[in-house]
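A.B. asks: Submitted below is the structure of interest, expressed as structure tokens.
The values are calculated or read from the model by the stated rules, or taken from the named source; none is laboratory data. What you see is a predicted model, and the numbers here were worked out from it, not measured in a lab. Every residue, glycine as well, gets a Cβ built from its backbone with ideal geometry; the counts of neighbours run over all protein chains shown. Remember, those area values only see protein heavy atoms, side chains included, never the ligands or the DNA or RNA. Shrake-Rupley method; radii C 1.70, N 1.55, O 1.52, S 1.80 Å.
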Amino acid sequence: MTRIDLHAHSTVSDGTCTPSEVIGEAVRANLDVVALTDHDGVGGWAEAAAAAGAAGIGFVPGVELSCRWYGVEPAIPLHLLAYYVDPNDEALSTEMARVREGRLTRGEQIVALMRQDGLDVTWDEVQGYATGATVGRPHFAQALIKRGLVSTVSEAFAPEMLGQRWRAPKPDTDVFLALRLVLGAGGVPVFAHPKATKRGTIVPDELIVELAGAGLVGLEADHEDHSAEQRAEVRALAERLGLLVTGSSDFHGTNKPVRLGANLTPPEVLDQIRAAARSRAH
Ligand code: AMP
Ligand code: FE
Ligand code: FE
Ligand code: ZN
């Protein structure tokens, strides 16, 4: 059986394994193919591709874009995975850089909220945990773990902490713009965990219908944040709209309990993703 996992994070965003270590973990998890999909950046691709080549496993270059749908008030955040985008595409790179930089202002705001609650955390300390990568809330969780306030990153997402209380707006991209940028960069867009109500408000199916009309290629169904019912809903919707269905772990190293390879994508789906990417390459 070909084992393919199309969603994993490294230290380039909020995972705890370097890109090479993600490949090492993929080998240990008996994967044949793994994608690196860091948040809002492609800085891990070169290292991961080299490591995958050396290890003799397949590598799919990807990215997970922080997006928002402005069709309702308040607008709903969502994640768009994109495979095989041209890393040198200027419009997409510029937008990703804008989002990454916006996370810095947001990070300082989160630190200010934490300090108002009496924590002695500093922005320098949090940036230290991010080691120069895309700063995300799991890096703030590290500060809480260090102080013994929580023992896992997940616990730090409780509503009285990072989940609700210490929240500041995250920069992101209008999902329709993101879709245009991904398609313009020759990439293949897949909506990440679209029915994950445990992450917050989800978008209505009508939006997914619109996204499909605008070039969305697939939906991620098998994901740990989806219940069996939610996976079935995603599958039914994908079938209705002629979209591909993927499955993946959303591995974050020790920042999340999920293991690489916990959910998989069938080889014929990856073939179709690759074919879509080839048909777009210019
Ligand atoms: P941010 O992009 O900075 O808002 O942080 C969101 C990231 O935090 C997600 O991509 C996950 O990696 C992580 N995350 C969100 N919710 C949880 C949770 N309940 N437990 C652990 N990690 C989480
Ligand atoms: Fe993450
Ligand atoms: Fe995500
Ligand atoms: Zn992810």
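A.B. asks: Has region 195-204 got at least one residue that is within 18 Å of residue 70 (Cα to Cα), crowded, with 20+ Cβ neighbours inside 10 Å and under 15 Å from the mean Cα position of the chain (by Cα)?
C.D. replies: yes
A.B. asks: Oh, and also: Across region 62-93, which residue is surrounded by the most Cβ atoms within 10 Å (Cβ to Cβ) among those that are of a type in the set (Ser, Thr, Tyr) and within 18 Å of the chain's Cα centre (by Cα)? Don't jump to the end; show me each part of the working.
C.D. replies: Within region 62-93, the subset of a type in the set (Ser, Thr, Tyr) is 66, 70, 83-84, 93.
Then drop every residue that is not within 18 Å of the chain's Cα centre (by Cα), which leaves 66, 83-84, 93.
On the way: 66: 22, 83: 24, 84: 22, 93: 17.
Applying the filter and picking the extreme gives 83.
A.B. asks: Here's a check for you: in region 139-193, which residue that is open to solvent by 20 Å² or more (accessible area, probe 1.4 Å) and touching a strand residue (DSSP E or B) at 6+ places or on another chain (Cβ under 8 Å) is nearest to residue 252 (Cα to Cα)?
C.D. replies: Once the filter is applied, the top-ranked residue is 170.
A.B. asks: If a residue must be closer than 17 Å to residue 150 by Cβ and either touching a helix residue (DSSP H, G or I) at 6+ places or on another chain (Cβ under 8 Å) or surrounded by 13 or more Cβ atoms within 10 Å (Cβ to Cβ) (or both), how many such residues does region 112-137 contain? Working first, answer last.
C.D. replies: Our first condition is that a residue be closer than 17 Å to residue 150 by Cβ; within region 112-137, this holds for 113-114, 117-121, 125-126, 129, 136-137.
The next check asks that each one be either touching a helix residue (DSSP H, G or I) at 6+ places or on another chain (Cβ under 8 Å) or surrounded by 13 or more Cβ atoms within 10 Å (Cβ to Cβ) (or both); those that pass are 113-114, 119, 121, 125-126, 129, 136-137.
Of the residues in region 112-137, 9 are closer than 17 Å to residue 150 by Cβ and either touching a helix residue (DSSP H, G or I) at 6+ places or on another chain (Cβ under 8 Å) or surrounded by 13 or more Cβ atoms within 10 Å (Cβ to Cβ) (or both).
A.B. asks: On the basis of being closer than 30 Å to residue 152 by Cβ, open to solvent by 20 Å² or more (accessible area, probe 1.4 Å) and not β-branched (Val, Ile, Thr), does residue 222 make the cut?
C.D. replies: Details: closer than 30 Å to residue 152 by Cβ: yes; open to solvent by 20 Å² or more (accessible area, probe 1.4 Å): yes; not β-branched (Val, Ile, Thr): yes.
Yes; evaluated as a whole, the condition is true for this residue.
A.B. asks: A follow-up question, please. In the list 89, 117, which residue meets the criterion of being away from ligand 2 (no atom under 16 Å from the Cβ), over 30 Å from residue 176 (Cβ atoms) and modelled with pLDDT of 95 or more? Even if it seems obvious, please write down each step before you answer.
C.D. replies: Values: 89 fails: over 30 Å from residue 176 (Cβ atoms).
Criteria check complete, one pass: 117.
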